[in-house]
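First the structure, in the form of structure tokens, and then the observations on it.
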Amino acid sequence: FVFIPGPATLLTVARATSSGTKVGIATGAGIAAGDIFHTVMAMVGISAIIATSAMLFSIVKYIGAAYLVYLGIRAIIEKTSTDPAAGALAI
């Protein structure tokens, strides 16, 4: 039985090492909040309803895709004032 760090662990470690302990803790807390939300929705049965309804699943899928596009565009447009490299993207 082998334990391998998943993407959430790798993200938390990367954010903590690049931006500090507070950012790492905030990242871990955000991941935990998302896990709790998903667990509660599964317990309530919302996940099963979305999985059985093709239209509702498509709506949720497109809303999620639109949000990711929004985050990508915002990351490209925003630049941090503390960034020493001119023209570097804020991530």
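Quick look at the values:
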item	result
Residue check, residue 80 at pLDDT 90 or above and either aromatic (Phe, Trp, Tyr) or surrounded by 10 or more Cβ atoms within 10 Å (Cβ to Cβ) (or both)	no
Residue list for the range 20-71, restricted to those being part of a helix (DSSP H, G or I), surrounded by 12 or more Cβ atoms within 10 Å (Cβ to Cβ) and either in contact with a Phe, Trp or Tyr (Cβ under 7 Å, 6 or more places away or on another chain) or not aliphatic (A, V, I, L, M) (or both)	24, 27, 28, 30, 38, 47, 50, 57
Candidates 33, 65, filtered to the one that is more than 19 Å from residue 8 (Cα to Cα) and out of contact with any strand residue (DSSP E or B) (no Cβ under 9 Å at 6 or more places or on another chain)	65
Sole residue being modelled with pLDDT under 85 and small (Gly, Ala, Ser), chosen from 29, 88	88
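The values are calculated or read from the model by the stated rules, or taken from the named source; none is laboratory data. Remember, predicted model here, so these are calculated numbers, not experimental data. Neighbour counts are summed over all protein chains in view; Cβ atoms, including those assigned to glycine, are modelled from backbone coordinates with ideal geometry.
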